[in-house]
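All remarks here apply to the structure that follows.
The values are calculated or read from the model by the stated rules, or taken from the named source; none is laboratory data. A quick note: this is a predicted structure, and the numbers were derived from the prediction, not measured. Cβ sites come from the backbone with ideal geometry, for glycine too, and all protein chains shown count toward neighbours. Heads up: the accessible areas ignore ligands, DNA and RNA and are worked out on the full protein's heavy atoms, side chains in. Shrake-Rupley method; radii C 1.70, N 1.55, O 1.52, S 1.80 Å.
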Amino acid sequence: MKIKKLITKKEIEKKIKNLAKQISNDYKEKDIEIICVLKGAAIFAVELSMQIKTNVRFEFIEISSYEGTESTGKIKVNKDITSSIEGKDVLIVEDIIDTGRTLSYLKEYILSKNPASLKICTLVDKRERRLVDVEVDYNGFVIEDKFIVGHGFDLDGNYRNLPYIGTIEK
Ligand code: 5GP
């Protein structure tokens, strides 16, 4: 399998710095409760948090699509957060927004736990694929409809540790 570089390590680092700067400016002295969406966003969330100037706390959630998600759009929570986020300033950190189904479900789910505020940050946005409208507050790279791997993105669980983002060449 050949992987073609799409976004370099340097470009990712620069983008993350930039996103962290915006987040630091917006939250000022407030603590941020990051909800990292496993597994894809783990690397991004860690790198992002280390560039954020205010105090960050971590929660993790793992969700997956039911069989036939394309038609039903149903999502289930495999691993839930373990602390209360009621009254907290929550930032969902996701790897990618594609159709928007995952984030739209997740947003409603998190809102039902009564945070003081809720914002969303994604590293990658496949805007042209959107089926459900979700407002993203902090957005990294907008890309075309290509399947990507690396920097957290997997193909059957593989390639997450590549330091760059690439596309699979057949
Ligand atoms: P959505 O619900 O927005 O359609 O899908 C979001 C999820 O689809 C992401 O969290 C990710 O797991 C997966 N996904 C979408 N596009 C890609 C891609 O190009 N590469 C990888 N590895 N996963 C993707």
Only one residue in Glu29, Glu33 is over 21 Å from Asn161 (Cβ atoms) and touching a residue at least 60 places away in the same chain (Cβ under 8 Å), so which one is that? Glu33
Is one or more of the residues making up the stretch 98-111 in contact with an Asp or Glu (Cβ under 6 Å, 6 or more places away or on another chain), more than 8 Å from the ligand (Cβ to nearest atom), closer than 17 Å to Phe60 by Cα and open to solvent by less than 60 Å² (accessible area, probe 1.4 Å)? no
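Do we have any residue at all in the stretch 112-130 that's modelled with pLDDT under 95, within 10 Å of the ligand (Cβ to nearest atom) and surrounded by fewer than 19 Cβ atoms within 10 Å (Cβ to Cβ)?
In the first step, residues of the stretch 112-130 are kept if they are modelled with pLDDT under 95; the result is 127-130.
Now restrict to residues that are within 10 Å of the ligand (Cβ to nearest atom): 129-130.
Narrowing further to those that are surrounded by fewer than 19 Cβ atoms within 10 Å (Cβ to Cβ): 129-130.
Yes: one or more hits.
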Filter result for Glu70 (modelled with pLDDT of 95 or more and out of contact with any Phe, Trp or Tyr (no Cβ under 6 Å at 6 or more places or on another chain)): no
Given Lys5, Lys76, which one is modelled with pLDDT under 95, out of contact with any helix residue (DSSP H, G or I) (no Cβ under 6 Å at 6 or more places or on another chain) and in a strand (DSSP E or B)? Lys76
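Specify which of the listed residues (Val90, Val77) is within 16 Å of the ligand (Cβ to nearest atom), within 16 Å of the chain's Cα centre (by Cα) and open to solvent by less than 60 Å² (accessible area, probe 1.4 Å).
Numbers: Val90 fails: within 16 Å of the ligand (Cβ to nearest atom).
The conditions single out Val77.
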Report every pair of residues separated by at least 6 positions or lying on different chains whose Cβ atoms are under 7 Å apart, first residue within the stretch 42-64 and free of Cβ contacts under 8 Å to residues at least 60 places away in the same chain, second of a type in the set (Gly, Ala, Ser). Gln51/Ala20; Ile52/Ala20; Ile52/Ser24; Lys53/Ser24; Thr54/Ser24; Val56/Ser49; Glu59/Ser83
Selection within the stretch 13-38 - out of contact with any strand residue (DSSP E or B) (no Cβ under 7 Å at 6 or more places or on another chain) and either in a helix (DSSP H, G or I) or surrounded by 16 or more Cβ atoms within 10 Å (Cβ to Cβ) (or both): Glu13, Lys14, Ile16, Lys17, Asn18, Ala20, Lys21, Ser24, Asn25, Asp26
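Condition test on Ile143, is it within 13 Å of the ligand (Cβ to nearest atom), under 30 Å from Thr54 (Cα atoms) and either open to solvent by 70 Å² or more (accessible area, probe 1.4 Å) or not acidic (Asp, Glu) (or both)? So that I can check it myself, show each step before the final result.
Details: within 13 Å of the ligand (Cβ to nearest atom): yes; under 30 Å from Thr54 (Cα atoms): yes; either open to solvent by 70 Å² or more (accessible area, probe 1.4 Å) or not acidic (Asp, Glu) (or both): yes.
Criteria met by Ile143.
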